[in-house]
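Structure, as C-alpha cells:
The values are calculated or read from the model by the stated rules, or taken from the named source; none is laboratory data. What you are looking at is a predicted structure, and each value in this text was computed from that prediction instead of being measured. Using ideal geometry, Cβ is built from the backbone for each residue, glycine included, and neighbour counts are taken over all protein chains shown. These accessible areas exclude ligands, DNA and RNA; they are computed on the full protein's heavy atoms, side chains included. Shrake-Rupley method; radii C 1.70, N 1.55, O 1.52, S 1.80 Å.
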Amino acid sequence: MSLATDPRLDAPPSAENRARPRTRPAAPVDGQPRDWTRPALVVLLLGTGVLYLWGLGQSGWANSFYSAAAQAGSESWKAFFFGSSDAANSITVDKTPLSLWPMALSVKIFGLSSWSILVPQALMGVGTVWLLTATVRRSTGSAPAGLLAGLIMATTPVAVLMFRFNNPDALLTLLLVGSAAATLRAAEKDARHPVRWLSLAGTLVGLAFLTKMLQAFLVLPALGLVYLIVANAPLLKRFGHLLVGFGAMLLSAGWWIAIVELWPASSRPYIGGSQTNSILELTLGYNGFGRLTGDEVGSVGGGAGTGSMWGETGLGRLLNSEIGGQIGWLLPTSLLLLVAGVWLTRRSARTDAVRAALILWGTWLVVTALTFSFMAGIFHSYYTVVLAPAIAALVGIGGWLLWERRSSLAAGGLATIAVSLSTVLAFFLLGRTPDFVPWLRWLILAVGLLAAVALAGWSLLPRRAAAAVAVAALIASLAGPTAYAVQTAATPHTGSIPSAGPTTVGGAGGPGARPGGGQAGGLGQAPGAQAPGTQTPGTQTPGTQTPGTQTPGTQTPGGTAPGGQAGRGGAGGLLNGSTPSAELTALLQSDAGSYTWVAAAVGSNTAAGYQLASEEPVMAVGGFNGSDPSPSLTEFQVLVADGEIHYFIGGGGFGGQNGGSESSSEISTWVAANFASVTVDGTTLYDLTVPLAGQAADSNGLQS
C-alpha cells in the first residue's frame, strides 16, 4: 500500500495520546501502570547535568579570550557593560557582551576559577534540554516525543562541547530555543495573549543578538512563517502581531547598541573587531555580512569562494570530515522525517500544533544549514550547535508520528528508511576515527540494520514487540553520537577553535585547525602549547607554564622586534592564551598599583593569559588578531610617557591582516628600538620605564 493511498496515515492520534501536557494526569488507579515520564525527565536532566559538569575544571580557562573579559567584568562595572578585555577598558571583545555577563557575575560572587567561568554554560545546557523537551511535548501532546528530543539534544557532540565551554554559543542556543517555544505558544489555536508570547519571542531574539549579533536572526524566517501560517487570527492581525514582536526585538537588541553609539568614544573602550571604533561596523561587517561573503577586514583569513581557508563550501559541508562528527549524525534523518511529518499532517487543520512545530523547526534547520553550508567567511564547526535543537525536535516529532501510525505498512517503510539512513551514516562517520572504539561501528551496523528490517513489518508486531524494535533502532541511531559526546566530555578543551569528538582522518579547518576542527600546532599555535580539544599528561592549570615553553616572538640577538620579525607581530598566542610561570606572574604583580596596565601584549589571547594569571589589567594591543588600530603608535607613546603601562610582552598577533591596521607592528618596532628587555622563562619583556641607553626624551616626553 502506498503512502498516498493508505487511509490509516491520515487518522488522527487518539484523544488520549493528543491530550495537552498542561492537563494534570489523573492519579493512578490500582492495577494501572504509573506515569513513568516524570521520573524519566528527572533522569534525563540529572544525566545531562553530570555529562556537562563532570570534570569541568580540567579545561582550565577554556577560551581565555572570553575568560579574561569575564575577569575584567568582575572587577569593573564599566568593563562589564562594554565587554572589555581588561578592567582598565582599553578594548572590547569582538562580540556584543551578553554572554560575558553571567560569567562575570559568577566570578564576582565565587571568585576567579575555571568552575566559576564554565558552570554557567553547563547550566544553560541543562536548561536548553529541559526547555526543548517541554516544547516538543506541548506541541505533540506526547511525553516520549519530548524526552526523545531532549535526549538527542543532550547527547549531540557539539552541544556537549559548547555547554562545557565559554563561547557565546551556549547562551545563544538557549535564547533561540526559548524564542521558538514562545512563538509556538503564540501560534496555538487556543492561545491566550498571543501578542505577549510574540513579544517574549522577539525579546529573546534581541537578547540573542546581544549574545552573538546577526547569527541570532537566522531563526526569524522560521518564527515569522509559522505564525503567519498557523496562528488563529485574521491575516492582517497576524502581521500586526508580528510587528509587535519585531518591535520588542529591536528594543531588546537596540538599547545597548544605541548607548554604545552615543557614548563619547574618548571615554569608552575601543570596539574590538572594528577598524573605525564602531559597533555598527562590527555588527554589519566583521560579524555580519563579511561572514557570508568572506570580505572581513582585519581577519586572519578570508576570500570568498569554495577554496577559502575556512573549508569547502557547498551542500556537503555539514557532513565533511571536520563537521560531520559534530552535528551530522541525524541531520539527513531529520530532513526525511520533516518531509514525512508534513505529509502525514497534510489534512490536519491549519492551526494544528504538530504541523506548526514541523514548520518552525524545519525552517530553522533548512535556513541555518544552508547559511552555514555556503558562507565564505570565518566559519568553525562549533557554530553548528544551533542546528542541534531543530534536528532533535524533528526526530522526536517525526519518530512519534511514525509510532502513532505504526499499523500502516507505509509508516513501517518510512521508519525502515530513517533507521537505515542513520545507521549507515553512523558507520561511515565512525570510520573516520578508526582508532576510536573500533568495534562500535560494526555493532551499530548490525543492530541498526536488523532493527530496520524488523520495522518494515512493524504493523504485524504486537505492541511490546514493536516497542522493543523501536528501542533497538533508537540505540543504534544514538550510540555513535553518544560515544562521541562522552569522549568530548572526558577531554579538556582550550583555545579559540574547540572541536568535539576524537581526531578524524582528513579533517580541515581554519588557522591551526587539526583534523576534526581542533588545534595541533598549526598557524597561530605556540610551540609546545597545548592544542584545543587535546590533552597531554601533566596538563597545565591556569597560570602555570611547562618548563622550556617559549612564547613566539621572543627577542633574538640582532634587535628583532618583539613580534618575532622586524616590525611585525608573530603568530604566537593568536588562538591560545599564554601560560606565564609563577616568576613572570610575580614580576607583573610587583608594584601593579602604580600602573593602569601592568603590561601590554599584541593580540587578545596573548594578553589574556597574563591577565588571568596576575588578575591585573593587561592591554590587548590590536584586539583579537592584533589588527585593530587600537591603540595607535602615538596613543601608545603618550600612555608610556604618562607611566600608564609597565611592561611590553613580546610575541602574539597578526597585525595588518586582510587590510587591517599595522599599529601593533609599529608599536612592536618602536618598543624594541627604545626600551631594555629581559627574558623570563623564555618570554621577552620590555620595561617601558627603562629606556635604552642613549635614548633621550623629546620635548613631548616621548622616547625617540
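What to note about this one:
- Reachable lysines from residue 78, criterion Cα separation under 27 angstrom, eight or more residues apart if same chain: 95, 108, 212
- Extension gain (nm, one decimal) between residue 583 and residue 239, 0.36 nm per residue minus Cα-Cα: 117.5 nm
- Heavy-atom surface of segment 128-204, accessible at 1.4 Å and reported per residue (Å²): 25
- In order along segment 163-174, the Karplus-derived 3J(HN,Hα) couplings, from 6.51 cos²θ - 1.76 cosθ + 1.60 at θ = phi - 60°, round to 7, 10, 9, 10, 7, x, 5, 5, 5, 4, 5, 4 Hz, and Gly and Pro are given as x.
- Global geometry of segment 380-453, whether rounded, prolate or oblate, following the gyration tensor of its Cα atoms and the 1.5 cut on a/c: oblate
- Sulfur and carbon atoms: percent of accessible area, segment 119-276 [1.4 Å]: 74
- Here the peptides 256-263, 141-148, 425-432 are ranked by packing, the mean other Cβ count within 10 Å, and the order with the highest first is 141-148, 425-432, 256-263.
- Listed values for segment 428-435 are Karplus-derived 3J(HN,Hα) couplings in whole Hz (6.51 cos²θ - 1.76 cosθ + 1.60, θ = phi - 60°), namely 5, 5, 5, x, 7, 10, x, 8, and x replaces Gly and Pro.
- Spin-label model, residue 690 to residue 590: label points 7 Å out along the Cα-to-beta-carbon direction sit 0.9 nm apart.
- Karplus-derived 3J(HN,Hα) values for segment 38-43, using 6.51 cos²θ - 1.76 cosθ + 1.60 with θ = phi - 60°, are 5, x, 5, 5, 4, 4 Hz; glycine and proline are entered as x.
- Estimated at 0.36 nm per residue, the fully extended path between residue 450 and residue 464 surpasses their Cα-Cα distance by 3.3 nm.
- Inter-part distance, segment 89-153 to segment 309-387, computed on C-alpha centroids, equals 21 Å.
- From most to least packed by mean Cβ count within 10 Å, the peptides 189-198, 157-166 give 157-166, 189-198.
- A simple packing score, the average count of other Cβ atoms within 10 Å per residue, orders the peptides 372-379, 436-443, 324-331, 481-488 as 324-331, 481-488, 372-379, 436-443, with the highest score first.
- Amide H contacts of residue 600 (H built 1.01 Å from N, under 5 Å, at least 5 apart or other chain): 619, 647, 648, 649
- Other-chain or far-sequence residues with amide H under 5 Å of residue 676's (modelled H): 687, 690, 692
- One decimal place: the segment residue 439-residue 676 gains 79.3 nm when fully extended, by the rule 0.36 nm per residue minus the C-alpha distance.
- The fraction of accessible area contributed by carbon and sulfur in segment 363-477 is 77 percent, rounded to a whole number (1.4 Å probe; ligands and nucleic acids excluded).
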